[in-house]
Amino acid sequence: MRILAVASQKGGVGKTTVALNLACSLARRGAETLLVDADPQGSIGLSLVGRISSSRGLAECLRGEARAEETVLKTRIACLKILPAGNLSEADHEMWASALADGSAFGRLFRGLLNDYSILVVDTASGLCASTLGVLKNANAVLLVVQAEPLSTRSLPQFLDMLRALRRNNHPVGLVGVLVNMVQAKLSDSTAIAQEILNMLPPQLALATTIPRDPMFLRASAKGVPLGLLYRKPHPIALLFDQVAAELEPRMGLSKTEEENEAEPLLD
Amino acid sequence: MKPNLSWIDPDAFSIVLSEVSTDPEPSPTPPTFSTLDIGFWPENRPGEAARQHEAVPAAGETQCRPAFVPRKGKLQDRFENLIEWILLQLPCEQVFLADREGLILAHRAAEPELVAASSWFLSSWAKVHKYLNPEGLAAHSMQLHGDRLLHLFQGAAPWGQMSLGVVSEKPLDRNLTKCIQDALQNTIKEE
Ligand SMILES: Nc1ncnc2c1ncn2[C@@H]1O[C@H](COP(=O)(O)OP(=O)(O)OP(=O)(O)O)[C@@H](O)[C@H]1O
Ligand SMILES: [Mg+2]
């Protein structure tokens, strides 16, 4: 199983949006996917209509009050399941966060899910938050989301330093890609910074796909659905996440075996 | 010169990047082994393994000598320590540790095709095994061509499933199997 943490140093750059839509695409492309909401704010829950926000979830699992299998929600997409954030009272927050930082609680949880999924996509809280550290200590891959604006990109080195420190402490977590989000094609400052980041990345970390800033995201969150389910015929921007998934699959060892992936003739 | 909007020093940045990116993942290839002879036995969860790594053999079973002593520190050193210990337990033609996708993490004389096939097989078999024995990790022995046997062990590491493979002419009895499985869990558990 691969554990992919979707993370960023700065808040509001689109982690939750990317985690949700990428998980849908990975699942539609055939990977048994579990989307885990590891942001104590429960942002995945806030993004989706349905019974998710009141559901038991990660908080209950980590407190030992529920088993992950009991709290995982099925979705309309066959291969996609969601582990919601669960219920955390305001008073619990601080104590909770420090209890998670050492990573052992997440380690136990993830181990229990080992055989049921090919990939866990974990939405994290931004920066060096304790629960994010706990996730990163157990993840094997990180997708870093940056917004195509200067402040977000200037925080990149800080995040990478943290990742390097984890690796030096024998945590096998590695960066698999940097996704540039909210590119504004008509603003030269936005495109210039996107280009600058892409130019600095080696090919194994750059993603050819970038995500434009688009009002469709607002519409999808207003409806409480992932972009791919906003219309019966997916919107072109939803398809971009299929491309991101296709770019990431080989980097995470999710590619099919050669035999499974063989070309099929169009005609008999 | 173009303005530097991100304020990032590209040289320093590329050094950090090289230190934080994952190694490329090989795609698994289809299996090449011929016949199959499957066995499985109860296993110990990581916590228990620590206490039990000196199992008591039944009469006539192989003693594990020396007993496995897990090494602390870097994963690579811990892997090497496990392989060295296995080489003391039985005559081996190949030994390998691989991740779920068949990426070799440490080995002695391992054939990459066999490693990839083993990881592919083990991850499929682990799903079946979970129904048969939800508490245990999978282990199997299967016949390769000739008199060689491939002994495969599933390991549950904090970062995902792992496989340990040992190619040997010697069949494993229950005790040696248990010792190796415990040693594997002891090697890959969190410190
Ligand atoms: N490409 C985009 N175009 C337009 N709006 C976007 C895009 N990506 C994200 N958004 C919007 O930006 C806001 C922040 O996104 P999101 O919640 O995904 O960020 P985040 O990094 O998860 O934030 P936090 O750090 O608070 O967890 C949301 O309203 C979201 O709908
Ligand atoms: Mg978020």
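The values are calculated or read from the model by the stated rules, or taken from the named source; none is laboratory data. None of these values were measured; they are calculated from a predicted model. Counting neighbours? That spans all protein chains shown, and the Cβs are built from the backbone with ideal geometry, glycine included. For the accessible areas, the whole protein counts, side chains as well, though only heavy atoms, and no ligand, DNA or RNA atoms are used. Shrake-Rupley method; radii C 1.70, N 1.55, O 1.52, S 1.80 Å.
Structure above, values below:
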read-out	value
Binned Cα-Cα distance frequencies in the range A:1-130 - 10 Å width, integer %	13, 48, 35, 4, 0
Sites A:A185 and B:S14, calculated FRET efficiency, Cβ-Cβ separation with R0 35 Å, nearest 0.05	0.80
Accessible area buried between chains B and A, both sides summed, probe 1.4 Å, in Å² to nearest 100	3700
Residues with amide H under 5 Å from that of B:A106, placed H, sequence gap 5 or more	B:L97
Separation of alpha-carbon centers, the range A:1-31 and the range A:138-206, rounded to whole Å	14
For the range A:138-153, Karplus couplings with θ = phi - 60° (6.51, -1.76, 1.60), whole Hz, Gly/Pro x	10, 7, 9, 9, 10, 9, 8, 9, 10, 8, 6, 8, x, 4, 5, 6
Residue among A:L109, A:G174, A:G50 farthest towards the positive dipole end of the range A:2-249, charges placed on Cβ	A:G50
Accessible area expressed per residue, the protein assembly as shown, with surrounding protein chains retained (probe 1.4 Å, Å²)	45
Cysteines in the protein assembly as shown lacking a second Cys C-beta under 4.7 Å	A:C24, A:C61, A:C79, A:C129, B:C92
Rounded percent of accessible protein surface that carbon and sulfur make up, chain A, 1.4 Å probe	51
A:K15 - accessible surface, heavy atoms, 1.4 Å probe, Å² rounded to 10	20
Burial of 50 Å² or greater, the range A:194-209 residues [accessible area, probe 1.4 Å, versus chain by itself]	A:E196, A:M200
Centre separation in Å (Cα based) which lies between the range B:87-118 and the range B:129-191	12
Solvent exposure ordering (accessible area, 1.4 Å, most first) of A:Y231, A:Y117	A:Y231, A:Y117
Solvent-accessible ranking of A:R154, A:R28, largest area first, probe 1.4 Å	A:R28, A:R154
Total formal charge among the other residues, if their Cβ is under 11 angstrom from that of A:V145, Lys/Arg +1 and Asp/Glu -1	+1
Residue-span extension gain [B:Y131 to B:W7] - 0.36 nm each, minus C-alpha spacing	39.2 nm
Separation of the A:A66 and A:L128 label points, Cα + 7 Å toward Cβ, nm	3.3
Across A:K74/B:K130; A:K186/A:K223; B:K72/B:K178; A:K15/A:K74; A:K137/B:K72; B:K127/B:K189, pairs whose alpha-carbon gap is larger than 25 Å	A:K186/A:K223
Theoretical FRET efficiency, 1/(1+(r/R0)^6), r = Cβ-Cβ of A:L239 and B:Q63, R0 45 Å, to 0.05	0.15
Computed E for A:R168/A:D102 - FRET, C-beta separation, R0 25 angstrom, nearest 0.05	0.90
Karplus-derived 3J(HN,Hα), 6.51/-1.76/1.60, for each residue of the range A:33-49, Hz, glycine and proline x	10, 10, 8, 10, 8, 9, 8, x, 6, x, 5, 4, x, 6, 8, 10, 6
